[in-house]
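Contents: one structure, followed by commentary.
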Amino acid sequence: MTQNLDFKRNTAVGLDLGWVNSLKVNRNAADRRAASLAARRTVKKEYQAAWLVRAIQCIDLTSLSGDDTPGRVERLCRKAMRPLRSDLMAALGLTELTTGAVCVYHEMIKPAAHVLQGRLPIAAVSTAFPAGLSSLETKIREIELSVAAGASEIDIVITRQHVLTGNWQALYDEMVAYRQACGDAHVKAILATGDLVTLENVAKASWVCMMAGADFIKTSTGKEGVNATIPVSLVMVRAIREYYERTGFMVGYKPAGGVSTAKAALQYLTVMKEELGNEWLQPHLFRIGASSLLTDIERQLEHYVTGSYSAAHRHAQP
């Protein structure tokens, strides 16, 4: 994970149950803020192009399908290393551009590593993704195997029942164990927010995972009925901001699932800039989990360069 030299990695700070239990969320206020973002005019022309290039740099280009093959993952990795066509790169004045990482299942780490050769991080989903319903010992071993195979980032899924039953100590202990198993690999904690019922549960789960040492908090597996949303994102990024103010640790954020258009990507970039500031608009603190998003961004950038839209099938699919 590319990061600033002065960046201080988050570490377990201890579970503050009093703080966790005191957390409240104003649902109406979150919805109003989300509605104001949706109604706002987005940046245009060269400013929009610059923001879309930044979005590309923050994509975890993802393939998490049951029919994944080594060939498909190798194509994904080549697209991640060259996300835009050469003519668009030249027109935009770019000499180098990659996505933030690729995200795959454990079995696909080897073909990804073969293509990437260390030039991009490999994120592997783990801990019985997407349901997370296997023994803790099995999940920890899965992390260890993925790290040994070459993953430098591990996207774990929390046990949702700990949140739904208010067992914050169990969630904290689980997250600490995952962080320890990752070693030097960075860990993204997937909250599966669509399963957590309330925004207060989202806020509490965010805090517990950060207190336990998560490097990132992430909305979704992409397999839930409801995935990343702006109200959920506001709750999570505000938790990140307050956690930083209390501890000095900067935790990253990753919306995932359903972020498939350039317009949606711009909304998430706006949330990060306005709620957390420019420093969080870097790949070591912001990622977007997506598979089809890159195609729409490429189409929008082609429109900026040429003045006309191309059909989606003209763009190489990851």
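The values are calculated or read from the model by the stated rules, or taken from the named source; none is laboratory data. Keep in mind that what you see is a predicted model, and the values were worked out from it rather than measured. All Cβ positions, even for glycine, are placed from backbone atoms using ideal geometry, and neighbour counts span all protein chains on display. Side chains are part of the model used for accessible areas, which takes the heavy atoms of the whole protein and leaves out ligands, DNA and RNA. Shrake-Rupley method; radii C 1.70, N 1.55, O 1.52, S 1.80 Å.
General observations
- For the chain, the carbon plus sulfur part of the accessible surface works out to 50%, probe radius 1.4 Å.
- Dipole axis of the chain (+1 Lys, Arg; -1 Asp, Glu on Cβ), positive-most option in Ala55, Pro255, Ala123: Ala55
- Computed over the chain with a Gaussian network model linking Cα atoms closer than 10 Å, the most mobile of Ile230, Ile190, Ile158 is Ile230.
- Taking every protein chain into account, the 1.4 Å probe leaves Thr198 with about 60 Å² of accessible area, to the nearest ten.
- The residue list Gln161, Leu196, Leu269 was ranked by how far each Cα lies along the charge dipole of the stretch 119-277 toward its positive end, using unit charges on Cβ atoms, and Leu269 comes out on top.
- Dipole magnitude (debye, nearest 20) for the stretch 171-266, charges at Cβ of Lys, Arg, Asp, Glu: 300
- Accessible surface, per residue, of the chain when the full set of protein chains is kept, probe 1.4 Å, Å²: 42
- Exposure rank, largest accessible area first [Leu133, Leu281; 1.4 Å]: Leu133, Leu281
- Largest accessible area first, the listed residues Arg78, Arg9 line up as Arg78, Arg9 when surface is computed with a 1.4 Å probe on the assembled protein chains.
- For Ser291, the accessible area of its heavy atoms, probed at 1.4 Å with every protein chain present, is near 60 square angstrom.
- Ranked by solvent-accessible area (1.4 Å probe, protein heavy atoms only, all chains present), the residues Tyr47, Tyr178, Tyr304 order from largest to smallest as Tyr47, Tyr304, Tyr178.
- Residue-averaged [θ]222 nm for the chain, counting only DSSP H segments that reach four residues, each worth -39500 (n - 2.57): -14500 deg cm²/dmol
- Residue with peak Gaussian network fluctuation, the chain [Cα springs, cutoff 10 Å], from Ala30, Ala290, Ala228: Ala30
- Length gained when the stretch Arg85-Ala113 is fully extended (0.36 nm per residue, less Cα-Cα span): 7.8 nm
- Taking a ≥ b ≥ c as the square roots of the eigenvalues of the Cα gyration tensor, the chain is oblate, since a/c reaches 1.5 or more and a/b is not larger than b/c.
- Area accessible to solvent at Asp60, 1.4 Å probe radius, in Å²: 0
- Neighbours of Thr11, meaning other residues whose beta-carbon lies under 12 angstrom from its beta-carbon, give a summed charge of +2 when Lys and Arg score +1 and Asp and Glu score -1.
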